[in-house]
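Right, one structure below, let's go through it.
We did not get these values from a lab; they are worked out from the coordinates using the rules stated. Just so we're clear, the structure is a prediction, and the values are computed from it rather than from any experiment. Don't worry about glycine lacking a Cβ; one is built from the backbone with ideal geometry, like all the others, and counts go over all protein chains shown.
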C-alpha cells in the first residue's frame, strides 16, 4: 500500500513499488491533467510538485512518493499564485495545442512561489526541461512575464 | 521488480551482497538506462534516508553528503561544481537525482569537474580518491570533498547536441592556479584527468590536448570533433562577446492590444482540463497495446497468440486474421498493412494488438505473442534501394515514384558565365507533437463504431477505415479533434485500425495511447532528401538554367511521400524565372522507418537548395543577395512553375524590399552574420486531388451560433479562426460563436487540415454562409418581435434595432432559438489552377526570412540571435493564431536546420526517444523573433486570407545557411548543419 497526499487529499492505493507516479495519476486515479510525453524525464509534460518542488512525475517511482505532498495541475488553484499564473498564461495565449501546458504551469508555479520576481533568465532556466513543439517558446515566455506582473500585483 | 527499504547501511550492504540487487538513490539515471534497454535488476535497494545530506565549507574544501540533490549542489554557489550542475539534465531531474547517485552511476557530465576538484570520497569501505573508486567501485558513497582554491580560474563547458538539456558530446573542466588541472568526460567519453596537458607549456597546450584527449565516435559526432572542441575549450580563452541587439522592427506584430483575443480553448488548456482524446476514461474501458515488428525486414512465418489470449484480463487479441476488409491503408495508395500478415518492412510495423483490463496486463500479453520471423536483407540507403540487385520491399520494386519535366534547352548551361552545383541533404525530421498518437474506440448501441483518435481529416480516415473494417462509412463515426499537435504526422492513419479491431472484437470501449518510444519508431517522418542542383546565370546575373535531381527516402510505405516529392519539384525554381529547367524526382523504399506529410511538404527542403544556390550565384557575380534576387524575381503576371495561371496578390517584391531594409544587416559583430531567403509557398492540395470543403452555420437551442466544420483543431487556432470570421461578418461577439469541428458525426467534410488550406476554407465558409444566415436570423427576429423587415441588426448576444446604438439586445439569441433555428450549409472547392498536365498550386503566399546568427568559434555551434519573418498572406484572421503559426513554424525550421534528425542503423532507429532526438528547448529558441504581416490584397482579389501553417518553416534553413556562408565562406549542404564542418 502506497500513501501520499494528492492536492490536499490523502490517497492510498495498491501498486507495484516501481510504478511511475505519472502512471498512478493517469491510469490508477484517472487524474489525466498530468500529461505523459516521453516517460523518461525528457519533455516535462508530466511535471508535478513534490513537496513543493517541480519534478518529472514519470521519474518518481511509487515507493518514492510514500508520505509526500503531491500537487498536480488539478490542485494548482490551492497554490496562492495559481490563479494569477493561469490568468497571465491564458491572456497571453501562451500555448497552442496545450499538451505541454500543465507541465509548464507546474514548473512556473514552483518558480514564482519561490521567487515572484524571477527574471527572464531564471524563467528560461526553470523551463529548460519543458519541451513545447508548437510555439517556439516565445509565447510561453510572454505568458510567464504577463503572469509575473499579475503575481507581483497580488496583495 | 521489487524494492527493499533497509533501515541501516549495514542492512543495505547485506541486501546488496545478494545477486540481482541494485542500489537506488534518486533513481533518475537508472530509469533512463532501463528505457535504453539495460536489463532490469530483480530488486532495488533504496538508500533513501540512509545517507548524509548537506553541504559545508572548510576553507577551499567543500563537503557534500551523498544524498544531497543535484539541485541543492547547483544552488550552493560552489565554484565550478555549481556551474557544472546547471548543465546536467534539467531542473526537474536535478531535484530528484543525488550527487552520490550520479557518481555511483559511473558516468555523467559532473565527474570531470569533480576530478579537477581533486574529489575524495568517503565510502562504507573507507576513504578513496574518486579516480580509484571509478576504476574499482567498492562500498557505498557516503560523502565527497572537493577542493576549489578561492583564487582559481575555472573552465567548464558542456558541448551537446543542442543548447541545453542534451546528452553530452564532450565536457571539459579546468582549474587554473599556479598549476593546471584539466579533465574531459561526458557521454561516451571516459572521464579522466589530462596529466600531460596539465604540464604542457602554453605554446604546446593545444597540440598536447589534441594528442592526449581520447574520445570515441558516436552516431552523432566524430571522435575528431570531440577532441578538437575539447582542446579548443581548454586552451583558448572564451571568445564570445555580448552581441549588440539590432534596431527593432517598427511594424512587427505585437501580442497585445487591437486584434488580440484570448483563444476560446486557452483557459482549459492552462488548467489541464482540456479534453484530449487520449485522456478519455469511462468505467470498464479496456486498454490497448500494439505489438511492433521485431525486425526491419522479415517474412512472418507464424503468429501464435494463444498464450496472450489465455492471460487473465486479456479481452481481445487481433492479428491480420481479424481484418475483415482490405488489410492495407495509405492516403495515395494502399501499401501499408493494418496488421502485417506475411512481411514486416520497418520496426514500427504493427503485427498484433491486445486489449486488456489495464495497461500492465496488455503490456504483459504482448510478450506472450510468439511471432516466428525469417529475416530478409535490409535496405538502408535510397540510392542502393534503386539498384537492380537490391532486395525489393514491394512487388513493384523499390521505386515508389518517378517524375520530372524538361522545359527549354537542356544545353543552355553552355552559355553560362557562372554555374553552381551541389547536393543538399535534409533530415528525417520527426513531428514531435507532445501528445503522441492515440485515443479510443467504442462500439455504439446501434451497432456502429465510434473512433476518436487525433487526426487531420476525419472523412478520409473514415473512408480508409471503412475499407479495412469492411463496414459502410456511415457505420463509423470518426472524431479527430482536438489533438495535441500534428504538423502532418497525424494526416495518415496512425493507431485507428488496430484500435477499431480491438473494440469490435472485445465489444467494449478501448483506449490506446502510444508511448513516445513507440511513436518514434512507428510514426511517419519527413522523408530525407538528397537534392542535387545545378544552376547557371549569365555574366549580368540573370538566371539561365537549372537542373534538379531529387532522391527521397520514403521508408517502407508511400503514404503522402509521392506528393511531397511532387510538391518539392513544383517549388524547384523558387520565386525566380529560369527559362531552361530540367527536374527529376525519385522516391525510393527502404526499411528506414516510414515517411509522409510534414509541414512544408517538400517546399521547405527545396527552398533550402534554391535559396543557397541563389546566394552562391550572387556572390559569383559580385551582386548582393537582394540585387541578384530582384534581377531574377518572377513578376505578378508570370505563370507558375508548371505554366499555370496563379491567384493575384503576389507580394514578392514587397517582401524582397523588406529584406533589403532589414535592420539585421547592419547589426554585426565578431562571429555574427545575417542571411536571407525568400518564401514562395503554394497552398492547397493542387489541381489533381479532390479538394472539397464546406460547413454549416446554425442557431443551436441554447442560443449559440454553431459553426460546424470538418477541419481539425491541432493547436493552430481553428477555433478562434472560426469565431473571428463568423462574428466579424455577423456583427456579433466571438463568444456567440461555438465552433464544432473534427467529428464526422456532426461536421460536414471540409477536406484535410493540411497544406495551409485551413485559413482559406474558414474564410470562404464564412463568406458563403453568413449573408443568408444573417438574413434568416433577422427575418425570424422581425417576425418574432412584429417589427418591419430591415429594422433589426445582429449584435453581440442577439438582435438590436438598426437605429439604436445600444449594446443590449432586444432579443437574445437564446430567446430567438426558442422559436427559430436558421441553418445554412455551404460546399465549395478550394480554388484550383487551370492546369491538369501535372499537380499545380494556384494560391501562393510570399515571405522573406532573415536570420542573424552567431557561430561559436571554438565549437562550431550556431545560435540564432534574431529571426525576422516578413509574411504576406492576406488579411490576418486571428492575430494570436497567425503569430503562433509563424513563430512555431520557424522554431521547427530551426530544429530542422541545426539539431533534428532521426538516425537509423541497419534499419533500427538509433534515435529512440526524446533523449536523443533533439527538438529545440527554450534555450535553442531564436533569442529574439519578429513577424510582420503585409495584409494587403490586389483590388478584386476574391481569395481572401491565405493559410499560414507552412510560411514560418519555409525559408529558415537557407536564411541560416546563407548567414553561415558569410562567416565561413562555405555553404553548409547537410542539414542539420554539422558543427564539425563549421569549425575554423
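A few comments on the model shown:
- Taking 0.890 mPa s as the viscosity and 25 °C as the temperature, the Stokes-Einstein diffusion coefficient of region B:932-976 based on its alpha-carbon Kirkwood radius rounds to 182 µm²/s.
- Stokes-Einstein translational diffusion, the protein assembly as shown - Kirkwood Rh over all Cα pairs, 0.692 mPa s, 37 °C, in µm²/s: 106 µm²/s
- Measuring r between the beta carbons of residue B:472 and residue B:936 and using R0 = 51 Å, the FRET efficiency lands at 0.60.
- Within chain A, percent of DSSP bridges classed antiparallel, to nearest 5: 85 percent
- Between region B:536-582 and region B:1-80, the C-alpha centres lie 56 angstrom from each other.
- For the pair residue B:577 and residue B:22, the difference between a 0.36 nm per residue extended length and the Cα-Cα distance amounts to 193.1 nm.
- Whole-number percent relative contact order across chain B, with pairs defined as alpha carbons under 8 Å at least 6 apart: 11 percent
- Hydrodynamic radius of chain B by the Kirkwood approach over all distinct alpha-carbon pairs: 30.9 Å.
- Distance (nanometres) between label positions extended 7 Å along Cα→Cβ at residue B:10 and residue B:204: 5.5 nm
- Sites residue B:746 and residue B:217, calculated FRET efficiency, Cβ-Cβ separation with R0 60 Å, nearest 0.05: 0.60
- Inter-label distance for residue A:114 and residue B:394, nm, one decimal - labels placed 7 Å from Cα along Cα-to-Cβ: 5.3 nm
- Relative to one another, the C-alpha centroids of region B:773-791 and region A:105-148 are positioned 50 Å apart.
- Cα-Cα separations in region B:43-128 greater than 15 Å, expressed as whole percent: 58 percent
- Degrees, to the nearest 10: A:138-152 long Cα axis against longest axis of chain A: 90 degrees
- Full-stretch length increase - residue B:299, residue B:815 - with 0.36 nm per residue and alpha-carbon distance subtracted: 179.2 nm
- Taking every DSSP bridge with both residues inside chain B, close to 80 percent are antiparallel.
- The alpha carbons of region B:511-600 stretch over 63, 22, 17 Å along the principal axes, in descending order.
- Listed residues A:16, A:102, A:116, most fluctuating in chain A (Gaussian network, C-alpha, under 10 Å): A:16
- Extent of region B:838-917 along its three principal axes (Cα atoms, max minus min coordinate, largest first): 46, 39, 28 Å.
- Value of relative contact order over region B:626-715, rounded to a whole percent, pairs C-alpha under 8 Å and six or more apart: 16 percent
- Between residue A:68 and residue B:260, the simple label model (points 7 Å from Cα in the Cβ direction) yields a spacing of 3.7 nm.
- Once C-alpha pairs closer than 8 Å and six or more residues apart are averaged by separation and normalised to the residue number of region B:258-388, the relative contact order reads 35 percent.
- Rg(Cα)/(2.2 N^0.38 Å) for region B:229-362, N = residue count: 1.87
- Relative to one another, the C-alpha centroids of region B:371-397 and region B:614-688 are positioned 41 Å apart.
- Most simply put, the protein assembly as shown has about 80% antiparallel DSSP beta bridges, counting only bridges with both residues inside it.
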